[in-house]
Every structure is written in structure tokens, then in C-alpha cells.
Amino acid sequence: MGCAAAGFRTIPARHLGVVPYSEALEIQKLTVARLAENPGLPGELLLCSHPDVITLGRTTKDEHLPLPADALRSMGIDVVRADRGGSVTYHGPGQIVAYPVLQLNLFGKDLVLHMRRLEDVVIRTLSHWGLSGRRKTGMTGVWLDFPDGPRKVCAIGIAVRRWVAYHGLALNVDVNLDRFSLFIPCGIRDYRVTSLRERLGDACPSRRDVEASLVEAFAETFGVDIEVA
């Protein structure tokens, strides 16, 4: 599902390291504003991980977060309201978070297509490590099949301003899966989450290696060259 937009373009990739969620969101918003004023720039790919944080998307309801925010913060888990689509999710160490901030007028003004491309990035990344990621009808994200049913390995949520897309995806490599039991992931009960570590055990690749394959998959899917900033 490569990008059909004509013309050569290079997307810089910025490695932010471990950065608080609110700081990464501010960087995204500044990038969105710059791109909105310069519609010829295709965008940037921001890569990072976050300290323990639960984020609340636009469709989050009170019942999706049974524990009070103060109780979660006493456990060292921040709680932040986000302006992305979707409900509640978790970010933490051992997770790859990718925020493609892109001019959708250069990649097709289609929000659904954009999310399908992000899913395809993850599916290609997983295949590099011998895993068959798949979509699930009626839901956004990527799943791995287990004998007892599918488990979600990557969450996806986006927002758009002036046709500049931001937010993105969170791929679980070696994350603390117990954190997902503290809330109702994506607002859906009986919803199971997994990671590459859970699936591959000692054969799980490093976060750094998975990130490298994800950047390559992003370039292939969106039809761009990546320049590491």
C-alpha cells in the first residue's frame, strides 16, 4: 500500500529518545504549525519512547479508567488527556512510539487510508521478524494470533490540523503488559494485548533493531526516503 503521490521526497527521522508524553506532544504541535505554513514540506517522522503514561483519547469514557488518576500517579504512571482519536492506552519503556507528522495533501487527503498505511508499516515490520500481523475488522491497530484468540500488538491513533496528520502508533516490543490491566484498553472489554517479547520469548529482537526495521517499512509504505536527523 505504497504512497501514490508523484515526485521525489525525503522525510527526516528524528530520534527523541525517552521523552515525557506532554513534551513529545508539544514537539508534534510545533511541527504541525511549521508544516501548515510550508505546504511543500512533506513532514517528519518522530521516534521515541515514553516514561509510564496512560493517555486518554477523544472517545474515552469515565468507565474506561476505573482507577482515579491520583491513584495511578501514586504508582508512577502519569495520566494525560490527548487530542488524538480513540480511547485510553498506555505508553512505557520497551515500546516504540512513532509519530509521523505528514502533509496529507501530498499523501492523499484520506484519513482512513493514512491509518491503513500505518497498519501496513507495522505489518511489514512484524514480517521482518517472522511474525504475521493482521488487521481486525472494524478496529484500528495490528494484532497477532494466539491459540486463544487475537491479541493487539500495536495501537494507532491520529489527529489532523489543516490536513497535517500527527500522533501515530505504539508498537509493543518488550513492554510491561501488566500495565494494560489497569484500564480498559481502547474502551473495549475482554481486550487482550501482547508484545514481541511475549510472542518470541528469548528470540525477541532489541527495541533498537525493531525500530530500524520499522523505519525501513515506513519508507517502503509511504514511498519516501528517510534521512536520519
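Could you please find all residues in the range 45-64 being modelled with pLDDT of 95 or more and out of contact with any Ser or Thr (no Cβ under 8 Å at 6 or more places or on another chain)?
L45, L47, C48, S49, H50, P51, D52, V53
Considering only the range 100-116, I want to know if a residue exists there that is in contact with an Asp or Glu (Cβ under 9 Å, 6 or more places away or on another chain), closer than 28 Å to C204 by Cα and among the β-branched types (V, I, T).
No, there is no match, as no residue in the range 100-116 is in contact with an Asp or Glu (Cβ under 9 Å, 6 or more places away or on another chain), closer than 28 Å to C204 by Cα and among the β-branched types (V, I, T).
D209 fails exactly one of the following numbered conditions: (1) over 14 Å from the mean Cα position of the chain (by Cα); (2) of a type outside the set (K, R); (3) under 18 Å from E119 (Cα atoms). What is the number of that condition?
D209 satisfies all of (1) over 14 Å from the mean Cα position of the chain (by Cα); (2) of a type outside the set (K, R); (3) under 18 Å from E119 (Cα atoms) except (3).
State all residues of the range 179-206 that are surrounded by fewer than 18 Cβ atoms within 10 Å (Cβ to Cβ) and either under 15 Å from the mean Cα position of the chain (by Cα) or at pLDDT below 95 (or both); if no residue qualifies, say none.
If the condition is that a residue be surrounded by fewer than 18 Cβ atoms within 10 Å (Cβ to Cβ) and either under 15 Å from the mean Cα position of the chain (by Cα) or at pLDDT below 95 (or both), then S181, L182, I188, R189, D190, Y191, R192 are the ones that fit.
For Q103, work out the one condition from (1) closer than 21 Å to F222 by Cβ; (2) modelled with pLDDT under 95; (3) polar (S, T, N, Q) it doesn't fulfil.
(2)
Take the residues in the range 207-227 that are farther than 19 Å from W129 by Cα and among the β-branched types (V, I, T); name whichever of them is surrounded by the most Cβ atoms within 10 Å (Cβ to Cβ).
Start the filter on the range 207-227 by keeping residues that are farther than 19 Å from W129 by Cα, which leaves 222-227.
With the extra rule that they be among the β-branched types (V, I, T), the set shrinks to 224, 226.
On the way: V224: 23, I226: 15.
Per the criteria, the residue is V224.
Would you mind stating whether I156 is of a type outside the set (S, T, N, Q), closer than 19 Å to H64 by Cβ and surrounded by 19 or more Cβ atoms within 10 Å (Cβ to Cβ)?
It is true that I156 is of a type outside the set (S, T, N, Q), closer than 19 Å to H64 by Cβ and surrounded by 19 or more Cβ atoms within 10 Å (Cβ to Cβ).
Report whether or not I77 is within 14 Å of the chain's Cα centre (by Cα) and of a type in the set (V, I, T).
no
Hand me the list of strands (runs of 3 or more DSSP E) wholly inside the range 122-229 holding 1 or more residues that are in contact with a Phe, Trp or Tyr (Cβ under 6 Å, 6 or more places away or on another chain).
134-136, 149-161, 164-172
Do any residues in the range 91-114 that are in contact (Cβ under 8 Å) with a residue 12 or more places away in the chain have Cβ atoms under 6 Å from those of residues that are surrounded by fewer than 16 Cβ atoms within 10 Å (Cβ to Cβ) and not in a loop (DSSP other than H, G, I, E, B), where the two are at least six apart or on different chains, and which pairs are they?
none
The values are calculated or read from the model by the stated rules, or taken from the named source; none is laboratory data. This structure is a prediction, so every number in the text was calculated from the model and none was measured. Glycine gets a Cβ as well: all are built from the backbone with ideal geometry, and neighbour counts include every protein chain shown.
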